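Take a look at the structure below.
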Amino acid sequence: MARHVFTIAPGAPFLATFVAALLEGKIVEGVSSTIAPLDLARISIFTPTRRAARALAVELALKLDRPAALLPRILPLGALDEIESAALLSFEAEASFDAFAPTIDEIDRRLTLAEFILAWARALKGAVVSPDGAGLGEAVLIAPTAVNACALAKELGALIDEFVIEDVETESVLGCVDESFDRYWAITRDFLGIALRQWPALLEERGAADRTARAKALLETQIRAISAGSWTEPVIALGSTGSNPTTARLLAAIAQKPRGAAVLPGLDQDIDDEGWRHIGDAIGERGEPAFTHPQSMLKRLLRQLGVERAEVKPLGDARTPLAARRRFVSQALRPADTTQMWRGFREALGAEFPAALEGVSLVEAPDENLEALALALFMREALETKERTAALITPDRQAARRVCAELARFGIEVDDSGGAPLASTPLGSLARRLAAMTEDGASCLDAAALLSHSQTRLGLARSEIEALLPFAEAAVLRVVPESGETFAARAARARDMAQAPGAHPMAQRVNDVQWKAIEDLFARLDDALAPLAALPRKSKLAARVEALARALEAVTVSNEAGDLGGAEELLELFDRLRSPGASLEFDATGFAALLDALLFEATVRGPRRAHPRLKILGPLEARLMEADLVLLAGLDEGVWPPQAETGAFLNRAMREALGLTPPERRIGQSAHDFEMALGAPCVVLSRALKRDGSPTVASRFLTRLEALAGDDFAPCKARGEAMLAIAKALDRPDAIEPCKRPEPRPPVALRPTQLSVTRIERLRRDPYSLYAERILKLTPLDPFGGQRGAREIGTAVHETLASFVQAQPTGPLSADADERLLALAQEKFAPFLTDPDFKTFRWPRLVEGLRQMLRFERSRREAATKIYVEERGEWRFPLFDGTEFRLTAVADRIEIDAKGAAFVFDYKTGEPPSDKQVHVGFAPQLTLEAAMLEAGAFEGVGRREVEGAAYVRVRGDGDARWIKPKNGARFRELVIEHRIQLKTLLEQFRDPSRSYPSRPFVAFAGRDGDYDHLARVKEWSREGGDET
C-alpha cells in the first residue's frame, strides 16, 4: 500500500514550508489554496505540542489570505498524558470517550505506590538470609521512611508508564534477572512482579486509570477510527518522530490513508548508507547500536511505517544557503563507528565549512551567570534589527530564569514557557519554611526567618513587623537560649534579662511600648504556629497538610494585599495531598522533604507579558518553531544531552531483556532537537566551564562539531568571545580602586583611659577592633538562640576551677576531689548538657581535661602555701600628657610559695600563645599581670615579686606551659621589658596622629575578629593591604 511520507530538512522554516506545500496541493490530494471553506475545516492535523498547534493556526491564517476561514482541526499530541479531553479526538472517537475510566491524580498515585514500597520494605526485614539460615549481617535498606518511599514511588510510576508505552507485558519481569546479578536485582524483580500485577487491580477497584494507559487507549481508538474504511477526510501528522509505539502506529495509520500524510522533522537524507546502517543497529560482532544518534527514532519510525529512507519526499528547497551546514552537522553527528569517513568528507567538502559555520557562535563562559548575561546580550542585540526574532532553547530551567533576570536589566520582560517552580514564589517559599519546623518546635533562627519573610503579616501591617524585627531579634531571639518554651514566654524572660548590666545595648534601648509590641508579635507567632506544634512526632499526611494550611493562613492574614502569586496552585496542591486513601505517616523532616519535591515539580505561569519577538522554550516546545536567532544554552554533559539513567528498579541488562528502549534514547532525542535547532540562520551555542562551582564537560555535540571543523571552528569561538568580552565589561568599572586598610584617628578625648590586660593584647594585635568596641561602642550580636560557644565554655571552666579551689584553698586535696570537681562541673555546665551534641562530643573531652587539671592541682599544692583564684586587680599610672591610665585584670590563679615569691597562671581551654608571641609582646597578659602584682595592684595579695608564669591547658595532658625568656634571662626582666613597652604603647595612642589600624601585624593577628567585616578585612587584605 502506498505511504505518503514527507520530510522537511533543518534550515527550512518548518511550518511555513508545510503550509506552502499544503496549499500548493503537494501534501494531500484535493487540498490546496482553492479548497472550499467547509472542506478545509474537515482536515485533521496532529502536531507535537500545543505551542506548535497555535503557531500552525497563525501560519495558516496568514497564508490563506481570506477575510475569514474555518481552519483545520489541529490536535496537539505531545506526550501521551497530554490527551485530556474528547475535544482532541476524532468525531468517531468522541462517542467512546465516556467509556474510559477517569485518570488517577498523579500525587494520589505516588502516595499509593509509596504504600506498596513501604509494605515491601517491611516484608524484606529479616527475609534476606545466607544459605546457612543466618542473617547476612548487613541490612537491606529499601525506603525505610515514608519520604524515601515517595521518592521511589515516583520512579516506580515512571516505570509503569514506560511498560504501558512500550507495550511490555508485566509477567515478563519475572524472567529478566540472571543468576550472575547482585541479589538486590532479584529482590526488585520479585517486588515488580507483585506490584505490576496488583496495581491494575487496585485501579480497577477504584474505578480509575493511569493517565498514560488512558491516553494510550484513547489514541488506540483514534487509530482504529482512522484505519476504518469509512474514514475519507484528509488527516496529517506533522512534526512527530514517533518516539513511542502508539504514536508511531497512529502515524502509520495516517500515512497509509489515500488522503493521509506524515510529515517528519529533519530526516537525514545526506548521510551515506554506511552511516545510516549503523544507526540503531549493531553492526559486526562488536558493534553497538547507535541509540544516541539524532536519527535513531526516525529510523525506527520508518520501519514501522514500512518506508525506505529514499522513498521519503523532501519538502522545501533543498538548495538553501543552509544546506552546507545541514551536511556538516549530519557528518559531525554520524555514528561513532563510522567517523573514519570524516577524512574523506573533509577532503571533498572541507571548502564549504566556513560557509556552513557562518552565523554560528560559541560562548564558553567561566560560569553559568556570565553565560546567562552573554545570552541576554545576544537577545538584546537581536531587537536592534526590525522584526528580527530570537528564541532561547534550553532544557535547563535555571539557565532560562537567569537569562530572564539578565534581560530585566534592559527593561525587557520575557516569559519562560516552562514557567517557574511553585517553590520559588513568595507563598511557596513561606510554606517551605513553615513545613521545615521540627518536632521540637520552631527555633529562634526559624522565627527570625519567618518574621523576615515578605509575606508574613500575623494580622499586622508589614511595616509594623519590619520596624519591630531588629529589636525583637537583638533583644529576644539572640538572647534567650533554646528551651522549647513559647516565644511569648521567651520575650517575657528577655525583658527581664535586658535589665542586667551585661545586656546588649540594643536590648537596653527597647522602651516599654516596644516591649509590649514585641510580646504581642511573639504571641501572634505562637498562635500561628500552634497547629504545627500540636502535631505528634509522626502524623498522617492529611493532618500535616491541614496543620500547614492553617498555619500558613494565620501567618499571612492581614488587611494588606500581599503577593498572591502561586496561591491558587498552592491551594490545589494542598487539596491533592489531602488524599483520603493515603495512610502514610510523616515526621516533620520527611514531610518538609516531600513538600519541597512537590513544590519544585509544580509550575506557576504568570500573566503573559512576553516580548513579541523573544521566546524562551524547552527543547520539546521548540519543535517546529522558528526564529531568526536561536540560542542553545546549557551544552554540557548531563544538561544537554541529559544523563542516561536506568532507574532504581531495573539495570541495563534487565531493560534489554524486557525489550525496553535503552536509556540512551533520551540522548538521541536531545541530539535530534540540537540538529533541528542548528537549522536557524543564526545560532549561538553556549556552555559554562563551571556549574555550581564544579567543572563541567562540554557536550558531545559541541565536541563533535569542533573535531570535524578543526581550524574552521575558530571564527565561531571568536564571535562568542566578542560578546563574552562585552558581558564581562558590562559590570566592570572603568577603574578599580583597592580598598585601603582602615586607620581611624579619633579625637584624643574619646580614646580609652582604662583597659584590661586582655584588651591591651587586642590593642597590639588589632587596634581597629578596640576602636570599634570602645570608641564607636559597637557590640557584636550574639548568635540566634543564645547559642553557647567557646567563650561561654571557657567561662564555665574558669568558674568550675575557681569554685573547686575556693572550697579548699590550701593543703593537700581530699580523697573525694575527683567527685567534687565533676559535681561542680556538672552544676556549671548544666545549661550546656541539655544539648545532645555537646553532651555526646564535647563533654567527655572536657571531663578528661578536668581530670588532668587535678594532677596539676596536686603537683602545685606541694609548693604553694596560698592560692588566689579569680583575683581582681587595678593599677593606676600616669602617661606623658598627664592622663591617669587604669589597667585592670582578673587573674585566674596566683600562688605564693613558702619564700613569699609569686607565680601567675592562666587557664586555657584553647591553644595557648607561643613563646615567640609572648617575647615580642603580642601575648602580654601574664607578664602584665605579673607587673601589676609587683606594683601591688592586687589588694588581696599585696606587693609580691613574681618568679614565673605559665599557661595551663584544660585539655590534653593538663601540663603547665611556662614562659621562658630568651637567652636565659630571668622572668622579671621580661616583665620589666613588657611594662616599659606598655607605657610606650599607651602614650603612642595619646598622640592625635596615631591611628587605630586594622590588623597591622598579619602574622600575629589571630583568628577572625568580631569587627573584621566592619573593617572590610577580606577586601583590603586581598589586595595585599598596605604597610603600617
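The values are calculated or read from the model by the stated rules, or taken from the named source; none is laboratory data. All figures in this text were calculated on a predicted structure; none of them were measured in a lab. Here the Cβ is made from the backbone with ideal geometry for all residues, glycine too, and neighbour counts use every protein chain on show.
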Task: Output for segment 571-584, where each listed residue is modelled with pLDDT of 90 or more, surrounded by 18 or more Cβ atoms within 10 Å (Cβ to Cβ) and over 25 Å from the mean Cα position of the chain (by Cα) - done: none
TODO: Give just the number: which of (1) more than 23 Å from Ala149 (Cα to Cα); (2) in a helix (DSSP H, G or I) does Trp199 not satisfy?
DONE: (1)
Task: Residue within segment 550-559 that is closer than 30 Å to Glu572 by Cα, touching a strand residue (DSSP E or B) at 6+ places or on another chain (Cβ under 8 Å) and not in a loop (DSSP other than H, G, I, E, B) present - done: no
Open item on the list: Being surrounded by 17 or more Cβ atoms within 10 Å (Cβ to Cβ), outside any strand (DSSP E or B) and not basic (Lys, Arg) is the filter here; which residues of segment 622-646 pass it?
Closed with: Ala622, Leu624, Met625, Glu626, Ala627, Ala633, Gly634, Leu635, Glu637, Val639, Trp640, Pro641
TODO: Output the residue which, of all residues in segment 672-714 that are within 27 Å of the chain's Cα centre (by Cα) and of a type in the set (Gly, Ala, Ser), is nearest to Pro642 (Cα to Cα).
DONE: Ser699
Open item on the list: Taking the condition of being more than 22 Å from Ala1015 (Cβ to Cβ), outside any helix (DSSP H, G or I) and either assigned by TED's automatic domain parsing to the domain that holds Val918 or not polar (S, T, N, Q) (or both), how many residues in segment 728-765 meet it?
Closed with: 5
- [ ] Determine whether segment 885-903 contains at least one residue that is in contact with a Pro (Cβ under 7 Å, 6 or more places away or on another chain), surrounded by fewer than 20 Cβ atoms within 10 Å (Cβ to Cβ), over 19 Å from Pro809 (Cα atoms) and touching a residue at least 40 places away in the same chain (Cβ under 8 Å).
- [x] no
TODO: Look at segment 633-651 and say how many of its residues are touching a Cys at 6+ places or on another chain (Cβ under 8 Å) and either among the small types (Gly, Ala, Ser) or not assigned by TED's automatic domain parsing to the domain that holds Leu702 (or both).
DONE: 0
Open item on the list: Where the second residue is at pLDDT 90 or above and crowded, with 22+ Cβ neighbours inside 10 Å and the first is closer than 23 Å to Asp563 by Cβ and among the polar types (S, T, N, Q) and lies in segment 606-617, which pairs have Cβ atoms under 6 Å and are six or more apart or on separate chains?
Closed with: none
Open item on the list: Go through (1) part of a helix (DSSP H, G or I); (2) under 16 Å from Met437 (Cα atoms) for Leu535 and report which single condition fails.
Closed with: (1)
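Given the condition in a strand (DSSP E or B), more than 22 Å from Arg409 (Cα to Cα) and modelled with pLDDT under 95, answer yes or no: does some residue in segment 693-704 qualify?
Among the residues of segment 693-704, at least one is in a strand (DSSP E or B), more than 22 Å from Arg409 (Cα to Cα) and modelled with pLDDT under 95, which makes the answer yes.
Suppose we filter Phe880, Phe838 for residues that are part of a loop (DSSP other than H, G, I, E, B) and in contact with a helix residue (DSSP H, G or I) (Cβ under 6 Å, 6 or more places away or on another chain); which single one remains? Write out each step before concluding.
Working: Phe838 fails: part of a loop (DSSP other than H, G, I, E, B).
Being part of a loop (DSSP other than H, G, I, E, B) and in contact with a helix residue (DSSP H, G or I) (Cβ under 6 Å, 6 or more places away or on another chain) holds for just one of Phe880, Phe838, which is Phe880.
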TODO: State which residue is surrounded by the most Cβ atoms within 10 Å (Cβ to Cβ) when the search covers only segment 933-955 and only residues that are closer than 27 Å to Ile793 by Cβ and in contact with an Asp or Glu (Cβ under 9 Å, 6 or more places away or on another chain).
DONE: Ala949
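Yes/no per residue for (1) closer than 24 Å to Met654 by Cβ; (2) under 35 Å from the mean Cα position of the chain (by Cα); (3) aliphatic (A, V, I, L, M); (4) at pLDDT 90 or above:
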site	(1), (2), (3), (4)
Glu169	yes, no, no, no
Ser172	yes, no, no, no
Trp185	yes, yes, no, no
Arg189	yes, yes, no, no
Ala213	yes, yes, yes, no
Lys216	yes, no, no, no
Ile226	no, no, yes, no
Ser230	no, no, no, no
TODO: Just name the residue that is farthest from Ala923 (Cα to Cα) out of those in segment 743-770 that are aliphatic (A, V, I, L, M) and over 40 Å from the mean Cα position of the chain (by Cα).
DONE: Ala749
Open item on the list: Looking only at segment 798-817, count every residue that is out of contact with any Leu (no Cβ under 7 Å at 6 or more places or on another chain), of a type in the set (A, V, I, L, M) and assigned to a helix (DSSP H, G or I) and tell me the total.
Closed with: 4
Open item on the list: Going residue by residue through segment 548-570, is there one that turns out to be surrounded by fewer than 20 Cβ atoms within 10 Å (Cβ to Cβ), outside the structural domain of Val414 (by TED's automatic domain parsing) and touching a Phe, Trp or Tyr at 6+ places or on another chain (Cβ under 9 Å)?
Closed with: yes
Open item on the list: Quick check on my filter: what residues within segment 975-1016 are in a helix (DSSP H, G or I), crowded, with 17+ Cβ neighbours inside 10 Å and at pLDDT below 90?
Closed with: Phe1004
- [ ] Given the conditions (1) touching a Leu at 6+ places or on another chain (Cβ under 6 Å); (2) at pLDDT 90 or above; (3) among the hydrophobic types (A, V, I, L, M, F, W, C), report the number of the one that Leu595 does not fulfil.
- [x] (1)
Open item on the list: Quick test for you: out of Leu535, Leu477, pick the one residue that is touching a residue at least 12 places away in the same chain (Cβ under 8 Å) and in contact with an Asp or Glu (Cβ under 9 Å, 6 or more places away or on another chain).
Closed with: Leu535
Task: Among residues of segment 516-538, those that are among the small types (Gly, Ala, Ser) and surrounded by 20 or more Cβ atoms within 10 Å (Cβ to Cβ), counted - done: 1
- [ ] Could you list all residues from segment 917-939 that are within 10 Å of Ile963 (Cα to Cα) and without any contact (Cβ under 8 Å) to a residue 40 or more places away in the chain?
- [x] Leu926
TODO: For segment 796-803, state whether one or more residues are on the phi < 0 side of the Ramachandran plot and without any contact (Cβ under 8 Å) to a residue 24 or more places away in the chain.
DONE: no
Open item on the list: Just to be sure I understand the filter: pairs with C-beta atoms under 7 Å, separated by 6 or more residues or on different chains, first member in segment 758-772 and among the polar types (S, T, N, Q), second member modelled with pLDDT under 95. Which pairs pass?
Closed with: Thr758/Gln925; Ser769/Arg762; Ser769/Gly1009; Ser769/Asp1010; Ser769/Tyr1011
